[in-house]
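Here the structure comes first, spelled out in structure tokens, and everything after it is commentary.
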Amino acid sequence: MRNLSTTPRAKPSKRRYLPAGERKRSLLEHGLALVQEEGWENLSVIRLARLAGVSRQLVYEHFPNVDELTWQLADRLYEEVCTSVAATIRAHPNDLEAALREWVRTYFAGLQERRLAHMELVYGHWPLRQLNRSLEAGNQRRRHRIMDMWADYFVGVNGLSPKNAQALAAFQYGGFQGLLGQMEAGFLSAEETADLFVEILRSLVERLGGRF
């Protein structure tokens, strides 16, 4: 849980009249900013309304309860991560090292404002995750989607069997999050994280009989 006393708070927005679709997108953006700043366990309709500068009634018009709000925020966040992974793979279709280094750079730069929210969504033990089975099921589907993209890459580029590629993708997903935690704690720089990530994957690919 974050130290709320030392975390700079975002200033509430002044309300503007927006079409329904645009208003909902705006609420989702404010919701992601809220969980990034205060954590998923502190997400509430009251806090979101205050930050977005709107009434609670307006928030309820788009999200009937906090579970639905949480689910849609998680869906939005995972979609951003999946899109980022797909773009990284497309940019480096035949070079795993370049793809891994690009992914580290993308996660730390392009997804900087969402990074802590994503890590806490995946690994945090906050009450809503434990209670909301549909949310956890959605998390699992999106984790598998990310791992499947990397597994396909390991098969096509590195010559691994589908079974080994799936195992490596699962390890890569968990290992990457672990390295991110080390960097967030100040034990590793972004460059050191990328170097270590590449060397671990290189060793595993070669031990599994693939080419790096």
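FRET efficiency for the Arg202 to Lys163 pair, using the beta carbon distance and R₀ = 22 Å, is estimated at 0.65.
Subtracting the Cα-Cα distance of Met149 and Leu58 from their residue separation scaled by 0.36 nm leaves 29.0 nm.
Extension gain for Glu97 to Tyr173 (0.36 nm times residue separation, less C-alpha to C-alpha distance): 25.8 nm. If you take the beta carbon distance between Val66 and Glu22 as r and set R0 to 35 Å, what does 1/(1 + (r/R0)^6) give as a FRET efficiency, to the nearest 0.05? Computed FRET efficiency for Val66 and Glu22: 0.95.
With neighbour counts taken as other beta-carbon atoms within 10 Å, the residues Arg47, Arg114, Arg25 rank, fewest first, as Arg25, Arg47, Arg114. Approximating the spin labels as points 7 Å out from Cα along Cα→Cβ, the Thr83-to-Phe212 distance works out to 3.3 nm. The alpha-carbon positions of region 31-96 define a convex hull whose volume is 102 Å³ per residue.
Bear in mind these aren't lab numbers, they're just calculated from the coordinates by the rules spelled out. All values derive from a computational prediction rather than experimental measurement. With ideal geometry, Cβ positions are generated from the backbone for all residues, glycine too; neighbour counts draw on all protein chains shown.
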